[in-house]
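The values are calculated or read from the model by the stated rules, or taken from the named source; none is laboratory data. Nothing here was measured: the structure is a model prediction, and the numbers come from that model. We place every Cβ from the backbone using ideal geometry, glycine too, and count neighbours over all the protein chains shown. Heavy atoms of the whole protein, side chains included, go into the accessibility calculation; ligands, DNA and RNA do not. Shrake-Rupley method; radii C 1.70, N 1.55, O 1.52, S 1.80 Å.
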Amino acid sequence: MVGKLTRYELKKSILNKFFLIIFCLFLVLNVVLTGGLLDYLDLLESIATGPMAEAAAEDGGPSIWDYLSDAQENGDYMRQTYGPLADMTPEERTEFETAMVEKYGSDVFSPSFIPTAEMMTGPDYFGTDFGDFTYIGNYASLLQKNLDNQAAWDTAVNAAKAYGRDALAAGDNYGIRRNLQIIRLYSTPREEITSRTYNWEEYLFQSPTMLLVFLLVLLACAGSVTGERDRQTWMLLHTAKNGKGKTLLAKYLAGAITAAGLTVLFQLASLGAAWIKGGLMGGTQPVTVFEVLRMFPYPFTVWQYALLALGCQAFAAVLLSVLLTSISAFSKTSVISYGAGVLLLGVSLLLVFDPPRSPWLDGPLALARPLTYFSSYDTANLFGFPVLWAVVQAALWSIIGAVCAILAYRVYRRKRRAV
């Protein structure tokens with residue numbers, strides 16, 4: 001029965017003309033923004049206000065297709081110049097290094113090396129026409145990134161050893177356990193970075209996807225209960241056989257399914273837009289290829305981190321649906337529930353983009369930006385044990401959401417008795 005009621009609630013909340021129109025508009029907007037329209041608009045502005053404005057006007061100016069074509073060419077160039085390096089085995093990398101040193105000198109991979117004319121022309125070591133200098137420069141940049149990462153991890157381990165000794169002297173069990181964990185995590189051998197990424201940054205760190213999803217969740221859930229009163233069907237639901245609780249449960253389930261489904265759908269659309277913009281490259285690289293995730297504590301790849309981020313974002317959207325449905329159950333009219341929902345969403349987003357100093361106050365949507373929690377080994381002190389703040393936040397807000405649902409059920413029962 002609950003499943004049937006949930007399907008009915010889904011039809012009411014999302015299969016209506018108004019929601020479907022807004023959904024389609026937001027989906028297109030999500031694809032356009034992730035696909036780089038903002039960069040294209042900046043390009044147009046620079047052309048329109050720069051010295052090339054007159055020439056651009058005579059040529060008809062660039063089009064969005066020109067922009068996408070340039071992005072595709074850039075993606076092809078990245079794959080052609082980094083692909084051979086990424087595909088090499090450790091033995092082949094050693095052979096490449098040896099060949100370049102024998103041919104151009106021992107300082108060939110140093111930043112101060114001055115290229116020769118021979119290095120600039122093909123065929124090169126890999127048989128292409130880019131020239132050895134292209135591959136030498138790319139390889140040197142990857143070597144430097146790995147060295148920088150290793151230096152950062154060594155610094156973290158050394159600091160953890162020092163802090164661990166202080167914690168041991170002070171009898172600080174949390175400090176002892178946390179610093180031992182840091183030493184273990186950052187001493188674990190990591191996979192080497194063998195290629196750059198392309199277009200993953202836009203998808204993972206710059207996409208406006210979740211903001212659009214949250215607005216749609218607000219639209220779908222904030223009036224889920226008060227809408228029944230506005231339509232004068234609330235009395236029928238209270239007196240119906242399943243009005244005691246199954247109807248309200250169905251509304252919560254429908255809201256959660258809507259929130260999770262919108263998150264997955266919009267993120268897939270965003271990923272597709274990034275792919276259209278020139279393809280995706282480097283998905284199997286260690287996530288530490290991104291400088292902002294250099295201190296990510298676990299040996300994840302880029303695509304694995306993308307799945308982790310998706311899970312965190314889906315959780316945030318589902319939690320928002322629970323809170324909005326509860327607000328709707330507490331409110332007398334849709335005007336009140338939507339107003340309170342807008343306030344909740346606004347404050348929650350403010351806490352996301354301007355996090356408070358205390359992580360306990362991060363808010364229900366903090367996990368929508370998982371980078372906040374996973375850019376380092378960020379833990380809370382729970383009875384002397386280090387626990388990831390992301391886990392603490394998920395557990396805390398799950399409890400708060402459950403309490404809100406229980407209180408909403410009690411309000412719902414009181415309304416039923418008053419009928």
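Filtering the range 139-156 to residues that are surrounded by fewer than 17 Cβ atoms within 10 Å (Cβ to Cβ) and not polar (S, T, N, Q) leaves Ala140, Leu143, Leu147, Asp148, Ala151, Ala152, Asp154.
Considering the range 203-255, and only residues there that are at pLDDT 80 or above and aromatic (Phe, Trp, Tyr), the residue that is least open to solvent (accessible area, probe 1.4 Å) turns out to be Phe214. When Pro286, Pro297 are screened for being open to solvent by less than 40 Å² (accessible area, probe 1.4 Å) and out of contact with any helix residue (DSSP H, G or I) (no Cβ under 7 Å at 6 or more places or on another chain), only Pro286 passes.
Restricting attention to the range 325-376 and to residues that are loosely packed, with under 13 Cβ neighbours inside 10 Å and outside any helix (DSSP H, G or I), the residue that is farthest from the chain's Cα centre (by Cα) turns out to be Lys332.
Taking residues in the range 104-117 that are open to solvent by less than 80 Å² (accessible area, probe 1.4 Å), and partners anywhere that are of a type in the set (A, V, I, L, M), the pairs with Cβ atoms closer than 7 Å and at least 6 places apart or on different chains are Tyr104/Met119; Val108/Met100; Val108/Val101; Val108/Ile136; Phe109/Ile136; Phe109/Ala140; Phe109/Leu143. Which condition number does Met78 fail, the rest of (1) under 28 Å from Gly283 (Cβ atoms); (2) out of contact with any Ser or Thr (no Cβ under 8 Å at 6 or more places or on another chain); (3) among the aliphatic types (A, V, I, L, M); (4) assigned to a loop (DSSP other than H, G, I, E, B) being met? Exception for Met78: condition (4). Among the residues of the range 10-35, the ones that are within 23 Å of Ser334 (Cα to Cα) and in contact with a Phe, Trp or Tyr (Cβ under 6 Å, 6 or more places away or on another chain) come to 0 in all.
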